[in-house]
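Novice: Could you have a look at this structure, given as structure tokens, before my questions?
The values are calculated or read from the model by the stated rules, or taken from the named source; none is laboratory data. All values reported here derive from a predicted model rather than from experimental measurement. As a convention, Cβ positions derive from the backbone with ideal geometry for all residues, glycine included, and neighbour counts pool all protein chains shown.
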Amino acid sequence: MKNNYKIYIFILLIALWVQGGNAKGATLDLDLTPERVDIGTFYNGTTVKISGQMPATAEVVVRLSGEGEELHLKRKGKVAGLLWMNTSDLTFENAPKVYMVSTGTGLKDLETSAASQFSFKALKNRIEIAPESSDNDFLLQEFIRLKSKQALYSVTPGGVSYGQEAGGMKSYETTMTIPSNMKPGNYAVDVAVVQDGKIIASTSKPLVLKQVGFPEKLSKMAYGNGLWFGIMSVAIAVMAGLFMGMVFKGKSGAH
Amino acid sequence: MWHMYLPIAGNSVNIMTIFGLGGFVGLLSGIFGVGGGFLMTPLLMMFGIPATVAAASDSNQIVGASTSGTLAHMRLGNVDVKMGVLLLIGGILGGTVGVQLIKILRAMGNADFLISLTYVLMLGGVGGYMFIESLQSLKKKPASEVLDISAKPKKPSSWAMMFKKIPFQTRFEKSGVELSILVPLVLGIFVGVLAAIMGVGGGFIMVPVMVYLLRMPMHVVVGTSLFQILFTCVNVTIMQAKTNHTVDFVLAVLLLLGSTIGAQVGTKVSKKLKGDQLKILLASLVLLVCIKMLAGLLMTPDFMIAMKGGH
């Protein structure tokens, strides 16, 4: 009896898994290469390839986004009608670390499409700005500009290309640039397909950025034992200075 | 190729760029006896390093450059250790006061305005005075004493009179001056307060203070300043690494490679230049930074918001 019970559960789980897989997998799948980005000593940013199969008559939108974080910013304003200064503090809550969106060639106007939740405009509902003010829209716009300049936010209409249609399906593919200033951590790649004014399927895969080797060791040391790390940094700097001093002394002595 | 990832700054940089930056600032450090923090931090920020990491890693780099520079100047007999130690003690006391002052100012709001104002006034005042004074003394030889009168010749004598009356008079052999030990101590405190408010090492204030208020010869000023900066930056580096984790070791080492070489070359250049030439060059540099800051304050910024942190 007890064994039967286990088997039932097992069958049920399999059924649920197949069911779940079918619901998404039948119309849309997603390949992410690589799924893990290693940040080593000579790392200088990289690219990830996002591709898969989707319904031939639909349009696709791809988004790479990071976890929300709390950011402290300064607002600039004029003091005494003359000098531009940081005038007040701002807090942006739940601001995604990264927000990169790319759409299929037929989905140029993301904001008015059914996939508007993938646009910059959708950030308005996601990011909370404190203190509350009447020009939050403007502040958000400035924030997006600032993040765009750091290459962490972007919207690329038509950035996803399609392949040949076959059996009602077609392939899609895009390459996203991972800038070197993208922090180590967990990110998500979301893909949605739009048809007849609604999202008919969506799927997601995690992307991990991880420091490895030398950078990883240094980070661990710097955050793990700051005092020791500071003393070591100073010692090495002093030794480098003394060494250079000796090298140069040798030179001038030969004159 | 040629790129290296900075684990604390969280960005990668071109090795040659950072090496070059280090060399340039090390050169200035060796010539003028300034740490160069007031130049390096903004330059590093231009290459995508967060302000806090730029400032802390730079102080780590200055440790190397000033060790190298102090050693070179010591061989040339340019370091007044007694004066340096007194200024250092004053500087540390002043720095502690300055940090508390900043806290109070921040609580009252608009600390940033006061910081920027201090920057522009100090840079403009110090740079302007040095520039005019050294220009006049450079011209002095062909011209005559007419120019000398406009250079406020009364000021040093009244200073000297006042200094003579302060107790604890002692002789500073290397600098060739006789002063109360209280004078460098108090001036050290003053520079320490300013440096803490402005978030820099204070070399570019300390140098004019030693030249004009302590009346030390320019070459001894440069060596003594470097000696004092060395210890200030050792302290800052360890504190920053301990409390804020903002010292990027890779960045500091890359900068060091350039700056220690630059510092040695700078010391040689410094020896070749006359005191007045040194002064006028430093004054021009300080004025340039002042103009850049002023322009930043007057021009409409590119972004109406900014990430917090740094200077």
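Novice: Within the range B:71-117, can you find the residues that are closer than 27 Å to A:PHE248 by Cα and either acidic (Asp, Glu) or in contact with an Asp or Glu (Cβ under 6 Å, 6 or more places away or on another chain) (or both)?
Specialist: Result: B:ASP80, single match.
Novice: Scan the range A:115-147 residue by residue and report those that are modelled with pLDDT of 85 or more, surrounded by fewer than 18 Cβ atoms within 10 Å (Cβ to Cβ) and acidic (Asp, Glu).
Specialist: Answer for the range A:115-147, where residues must be modelled with pLDDT of 85 or more, surrounded by fewer than 18 Cβ atoms within 10 Å (Cβ to Cβ) and acidic (Asp, Glu): A:GLU128, A:ASP135, A:ASP137.
Novice: A further question follows. With the checklist (1) at negative phi; (2) touching a Gly at 6+ places or on another chain (Cβ under 9 Å); (3) in contact (Cβ under 8 Å) with a residue 60 or more places away in the chain; (4) small (Gly, Ala, Ser) in hand, flag the one item B:GLY36 doesn't pass.
Specialist: (1)
Novice: Being away from chain B (no Cβ under 14 Å) and hydroxyl-bearing (Ser, Thr, Tyr) is the filter; apply it to the range A:61-114 and report the residue that is surrounded by the fewest Cβ atoms within 10 Å (Cβ to Cβ).
Specialist: Per the criteria, the residue is A:THR112.
Novice: Now for a different question. Within the range B:36-58, track down each residue that is within 13 Å of the chain's Cα centre (by Cα), farther than 16 Å from B:THR17 by Cβ and of a type outside the set (Gly, Ala, Ser).
Specialist: Selection gives B:PHE38 alone.
Novice: Going through the range B:92-134 one residue at a time, which ones are without any contact (Cβ under 8 Å) to a residue 60 or more places away in the chain and either of a type in the set (Phe, Trp, Tyr) or in contact with a strand residue (DSSP E or B) (Cβ under 9 Å, 6 or more places away or on another chain) (or both)?
Specialist: B:GLY109, B:ASN110, B:ASP112, B:PHE113, B:LEU117 - these are the residues of the range B:92-134 that are without any contact (Cβ under 8 Å) to a residue 60 or more places away in the chain and either of a type in the set (Phe, Trp, Tyr) or in contact with a strand residue (DSSP E or B) (Cβ under 9 Å, 6 or more places away or on another chain) (or both).
Novice: Considering the range B:52-73 alone, what residues qualify as being among the hydrophobic types (A, V, I, L, M, F, W, C) and either in contact with a helix residue (DSSP H, G or I) (Cβ under 6 Å, 6 or more places away or on another chain) or facing chain A (nearest Cβ under 9 Å) (or both)?
Specialist: Across the range B:52-73, the qualifying residues are B:ALA54, B:ALA55, B:ALA56, B:ILE62, B:VAL63, B:ALA65, B:LEU71, B:ALA72.
Novice: Give the residues of the range A:162-187 that are loosely packed, with under 14 Cβ neighbours inside 10 Å and more than 30 Å from A:GLY68 (Cβ to Cβ), sorted by residue number.
Specialist: Residues satisfying the conditions are A:GLY163, A:GLN164, A:GLU165, A:ALA166, A:GLY167, A:GLY168.
Novice: I would also like to ask the following. Out of the residues in the range B:44-58 that are in a helix (DSSP H, G or I) and at pLDDT 85 or above, state the one that is surrounded by the most Cβ atoms within 10 Å (Cβ to Cβ).
Specialist: Across the range B:44-58, the extreme among qualifying residues is B:ASP58.
Novice: Also, quick follow-up: Suppose we keep only residues that are under 15 Å from the mean Cα position of the chain (by Cα) and within 13 Å of chain B (Cβ to nearest Cβ) within the range A:139-167. Which one would you say is farthest from A:LYS108 (Cα to Cα)?
Specialist: The extreme case among them is A:GLN150.
Novice: Which is at pLDDT 90 or above, more than 7 Å from chain B (Cβ to nearest Cβ) and closer than 21 Å to B:LEU226 by Cβ, of A:MET239, A:MET232?
Specialist: A:MET239
Novice: Within the range A:124-139, can you find the residues that are in contact with a strand residue (DSSP E or B) (Cβ under 7 Å, 6 or more places away or on another chain) and either free of Cβ contacts under 8 Å to residues at least 40 places away in the same chain or assigned to a loop (DSSP other than H, G, I, E, B) (or both)?
Specialist: Scanning the range A:124-139 gives A:ILE127, A:GLU128, A:ILE129, A:ASN136.
Novice: Of these, B:ALA283, B:ALA295, B:ALA263, which one is in a helix (DSSP H, G or I), of a type in the set (A, V, I, L, M) and over 30 Å from B:ILE102 (Cα atoms)?
Specialist: B:ALA263
Novice: Is it the case that some residue within the range A:218-228 is at the interface with chain B (Cβ under 7 Å from one of its Cβ atoms), assigned to a loop (DSSP other than H, G, I, E, B), under 26 Å from A:ALA151 (Cβ atoms) and polar (S, T, N, Q)?
Specialist: Scanning the range A:218-228, I find no residue that is at the interface with chain B (Cβ under 7 Å from one of its Cβ atoms), assigned to a loop (DSSP other than H, G, I, E, B), under 26 Å from A:ALA151 (Cβ atoms) and polar (S, T, N, Q), so the answer is no.
Novice: Given the structure, is B:VAL289 buried (at least 20 other Cβ atoms within 10 Å of the Cβ), modelled with pLDDT under 85 and either within 30 Å of B:ASN78 (Cα to Cα) or more than 8 Å from chain A (Cβ to nearest Cβ) (or both)?
Specialist: No: the conditions fail for B:VAL289.
Novice: Just need a number here: residues in the range B:241-256 that are within 13 Å of B:ALA55 (Cβ to Cβ), assigned to a helix (DSSP H, G or I) and within 7 Å of another protein chain (Cβ to nearest Cβ).
Specialist: Number satisfying all stated conditions: 2.
Novice: Something else now. If we scan the range A:184-204, do we find a residue that is in contact with a strand residue (DSSP E or B) (Cβ under 6 Å, 6 or more places away or on another chain), at the interface with chain B (Cβ under 7 Å from one of its Cβ atoms) and assigned to a strand (DSSP E or B)?
Specialist: no
Novice: Given the conditions (1) part of a helix (DSSP H, G or I); (2) more than 12 Å from chain A (Cβ to nearest Cβ); (3) small (Gly, Ala, Ser); (4) crowded, with 24+ Cβ neighbours inside 10 Å, which single one is not true for B:GLY35?
Specialist: (1)
Novice: Let me ask another. Residue by residue through the range B:67-93, note down the ones that are small (Gly, Ala, Ser) and over 24 Å from B:ILE189 (Cβ atoms).
Specialist: B:SER68, B:GLY69, B:ALA72, B:GLY77
Novice: Okay, next question. What's the number of the condition B:HIS245 fails, among (1) touching a helix residue (DSSP H, G or I) at 6+ places or on another chain (Cβ under 6 Å); (2) farther than 26 Å from B:GLY26 by Cβ; (3) surrounded by fewer than 23 Cβ atoms within 10 Å (Cβ to Cβ)?
Specialist: The failed condition is (2).
Novice: Moving to a separate point now. Keeping to the range B:222-235, report how many residues are surrounded by fewer than 24 Cβ atoms within 10 Å (Cβ to Cβ) and either within 8 Å of chain A (Cβ to nearest Cβ) or under 15 Å from the mean Cα position of the chain (by Cα) (or both).
Specialist: Within the range B:222-235, residues that are surrounded by fewer than 24 Cβ atoms within 10 Å (Cβ to Cβ) and either within 8 Å of chain A (Cβ to nearest Cβ) or under 15 Å from the mean Cα position of the chain (by Cα) (or both) number 2.
Novice: For the range B:203-221, does any single residue satisfy the condition of being part of a helix (DSSP H, G or I), in contact (Cβ under 8 Å) with a residue 60 or more places away in the chain, aromatic (Phe, Trp, Tyr) and crowded, with 17+ Cβ neighbours inside 10 Å?
Specialist: Yes, the conditions are met somewhere in the range B:203-221.
Novice: Let me ask something else about it. For the range A:171-183, give me each residue that is closer than 17 Å to A:GLY45 by Cβ and more than 14 Å from chain B (Cβ to nearest Cβ).
Specialist: Correct list: A:THR174, A:THR175, A:MET176.
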